[in-house]
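Structure, as structure tokens:
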Amino acid sequence: MSEIPTAITGVGVFMPRMVGVDAFMSQTWSDEDATPNAELLDRRSRRRTSVLTRAMADVCAQAFAESAHDPSTIGAVFGSALGEAGTMIGLLEQMWRLYEPPSPMAFATSVHNAASGVVSIGTKNRGFTTSIGADFDTPAMALIEARAWALTHREPVLVVCADEPAPAKLVGDNHEWGFVAAAITLAPHAVDGLPALGHLQIGTADVERSPLQDAEARNPVAGILDLIYAIRSGRSGRVALDRGRGHGWTVDLRAAP
Amino acid sequence: MTENIPLPITGAAICNALGPTRSVVRDALYEGRSGLTPCTVDVPFATYAGAIDVPLPALPTELEPWTTRTAQIALMLVEELGESLQRMQSRWRPDRIAVVLGTSTAGADRTEAAYQHYIKNDELPEGYDLWRHHTYGAILHVVCSLIGATGPSWVISTACTSSAKPFASAQRMIAADMVDAVLVGGIDTLCAMTLRGFHSLGALSSEPTRPFSAERKGISIGEGGAFVLVERPGTTHRADSGDGGAEKDAIAWLDGVGESSDAYHISAPHPKGEGAVLAMQRALDQAGCAAGEIDHINAHGTGTTHNDSAEANAIFSLFGDRVPVVSTKAYTGHTLGGAGATEAVIAMIALDEGWIPPALGVEPVDPKVPIQIEASRVETPIRRVLSNSFAFGGNNISLLLRRA
């Protein structure tokens, strides 16, 4: 797989009790759940979209603020294992328990690419955006898709990974997890003074994982937090992109000098 | 812009309401025979749908726990790829073969049934497993196991562009030397939630869909999908393959891909089709192709007034009324996450054989649609074709395919 490194230019993190990268790095947990404010979105989208979509918008905004990339032109890869599963459950409840027609707006925002769509609307971006899922390999596959975009189009790209708690009715007790949303922006070349991502492969990691609590560690996209933790800790080496339930994809990380 | 590296397409399989193989689908298109029939899914309104009405194969024993309608359709498609798949496998190492699929529903039909059971009994039915029956990883596991691929694999879920976008992912991964071959495509199956959802939006037709007709009443939903093999041209990585390269097996070429966003509305297209224009123009630019070199367009053509109008305006702004256009959703129904790959394969049939299927039910053509749409089959040499897909979220893609 391509050896050409891409520079890491910005990151963003949202967990209901840990908002922002600084809180994540210092492991400062709040006593109360925060709600995403989604100021990146237009007012209508903000009102109509799910917490998942709004959290994705917030981590985009954090990464844009750090990277200074133009939100109206940057390519974007949104990754989520289950996507708008909560919205889907709401639709199923409407159909099968309440015998009501599904809400048109809930149906329109139940698509996996709801966040990808409303962020493009909010940022007036007419460029490339996509929405992918690969269960516990979602962070790795989102990074592969994003790196392929950056390397071939020679343009910056945004990677967002998020999953809300899985619907307990469908997954059972042993698969519940905490809410995680995170974003990374990549530039297509190595940039002096910035950390860089390189080769993605199935292999053994040699960089220690972030100190996540159990609930967040079970989230299918927890690997993106481990990567952000390694980036901000100034580590170099091979970082695991899943917590044991994926196929073992790793990415080479080179710390900023 | 991506470097222009035309990629050989070396295999294609398709399955939908018209039939379970490319040759059966081809015959139905040639004869102008629709696969739409009165919908049998339990919904409280009358509509037509494109249902697959042939028995689906059982998965191999080791994959039985992953059995879903989506997985069974995937098995049919893999089996139809047959020798073309074997040739691809002989050319490339398993870790250099990727799988990128599109779906919007994944295993929603099975989850719907499970949830109905849950509401009645307060527990999920025995045997239901979200990770094997619903998530994207489930269908990836089945397809990767069936073809022995160990490279990157993911599902794109961008509603109605889901199975066209894997072509773009394949193009990028091959250009970036991440992989050598990609199985692309996608599948959607009929389920109550999509039928009821489109009905709630006022977009579902009570009769077979009639895209671009003055008398159209909306969308007909369908099920099915298509798988396509996209490979790197030139030298193979396996010296023992005894193979001169994928281009000698090309059945068509992927010359260009254009992706764009409307940045306008979550479920309505830009009225002037500005995002659609961008997607088509970017595909032309990437292929180094002028608008005058396009011989045919397989339109997204859903059969709603807004969508048809936006797309027709977009096509007219780039091509005028010179290029024959058809929406084959009048044959298959709108297969949603399976539509992009389905229509790409139908476009390849047009390229290969030099005819464009009749636009079913189009007469009287909407006088506000300024593009060329023919109610009868058009026999014409076709060298290049565009296949359009547009989706919720304002997500757009146009594929530019060339005859082999």
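None of the figures in this text is laboratory data; all of them are computed from the coordinates on show. Predicted model only: the values in this text are computed from it and were never measured. Note that each Cβ is placed from the backbone with ideal geometry, even for glycine, and that neighbours are counted across all protein chains shown.
For the stretch B:130-191, report the translational diffusion coefficient in µm²/s to the nearest whole number, using Stokes-Einstein at 4 °C, 1.567 mPa s, and a Kirkwood Rh over Cα pairs.
Details: Rh = 12.6 Å.
Here the translational diffusion coefficient equals 103 µm²/s.
Of the beta bridges in chain B, as assigned by DSSP with both residues counted there, near 65 percent are antiparallel. Considering all C-alpha pairs of the protein assembly as shown, those separated by over 37 Å amount to 29%. When Rg and Dmax are taken over the Cα atoms of the stretch A:22-86, they come to 13.4, 38 Å.
About its Cα centre, the stretch B:255-403 has a charge dipole of approximately 80 debye under the convention of +1 per Lys or Arg Cβ and -1 per Asp or Glu Cβ, with nothing else charged. Over the stretch A:66-202, the pair-distance histogram of Cα-Cα distances with 5 Å bins from zero comes to 2, 9, 17, 19, 17, 14, 9, 7, 4, 2, 1, 0 percent, rounded to whole numbers.
When you look at the Cβ of every residue in A:72-81, what mean number of other chain Cβ atoms sits within 10 Å?
Numbers: counts 1, 0, 0, 1, 1, 3, 3, 1, 2, 4.
For peptide A:72-81, the averaged partner shielding equals 2.
Taking the three principal axes of the alpha carbon atoms in the stretch A:96-145, the coordinate ranges are 42, 31, 10 Å, sorted in descending order.
Taking square-rooted eigenvalues a ≥ b ≥ c of the alpha carbon gyration tensor, is chain B rounded, prolate or oblate, where a/c under 1.5 means rounded and, failing that, a/b exceeding b/c means prolate? In terms of gyration-tensor shape, oblate. With all pairs of separate Cα atoms included, the stretch A:124-257 yields a Kirkwood hydrodynamic radius of 15.3 Å. FRET efficiency for the pair B:Val54 and A:Ala190, taken as 1/(1 + (r/R0)^6) with r the Cβ-Cβ distance and R0 = 45 Å, rounds to 0.25.
One way to sum up the overall shape of the stretch B:268-309 is the equivalent ellipsoid from its Cα gyration tensor, whose semi-axes run 22, 12, 7 Å, largest first. For the peptides A:20-33, A:181-194, A:146-159, B:284-297, residues were scored by their other Cβ atoms within 10 Å and the scores averaged per peptide; the highest-first order is A:146-159, A:181-194, B:284-297, A:20-33.
Can you give me the Cα centroid spacing of the stretch A:193-257 and the stretch A:1-53 in angstrom? A separation of 17 Å, based on Cα centres. Across peptide A:86-92, the average count of Cβ atoms from other chains found within 10 Å of a residue's Cβ is 4. Largest first, the extents of the alpha carbon coordinates of the stretch B:1-123 on the three principal axes equal 52, 41, 38 Å. Give me the tail of P(r) for chain A as a percent: Cα-Cα pairs with distance above 24 Å. Result for the distance tail: 43 percent. Please grab the % of Cα pairs in the stretch B:80-183 that end up more than 18 Å from each other. Of the Cα pairs, 56 percent sit more than 18 Å apart. Taking every C-alpha pair closer than 8 Å and separated by at least 6 residues, the mean separation divided by the residue count of the stretch B:7-249 gives a relative contact order of 30 percent. A dipole drawn for the protein assembly as shown from +1 and -1 charges on Cβ atoms has a positive end, and of A:Thr204, B:Asn313, B:Ile266 the residue lying farthest that way is B:Asn313. Selection among B:Ala203, A:Ile132, B:Leu36 by position relative to the dipole of the protein assembly as shown gives B:Ala203 as farthest towards the positive end (Cβ unit charges, Cα centre). Cross-link partners of A:Lys169 among lysines, defined as those whose alpha carbon lies under 28 angstrom from its own and excluding same-chain residues fewer than eight positions apart: B:Lys120. For the stretch B:249-404, the convex hull spanned by the alpha carbon atoms encloses 97 Å³ per residue. Cross-linked pairs A:Lys124/B:Lys217; A:Lys124/B:Lys272; B:Lys217/B:Lys329; B:Lys272/B:Lys368; B:Lys165/B:Lys248; B:Lys217/B:Lys368: Cα-Cα separations exceed 22 Å for A:Lys124/B:Lys217; B:Lys165/B:Lys248.
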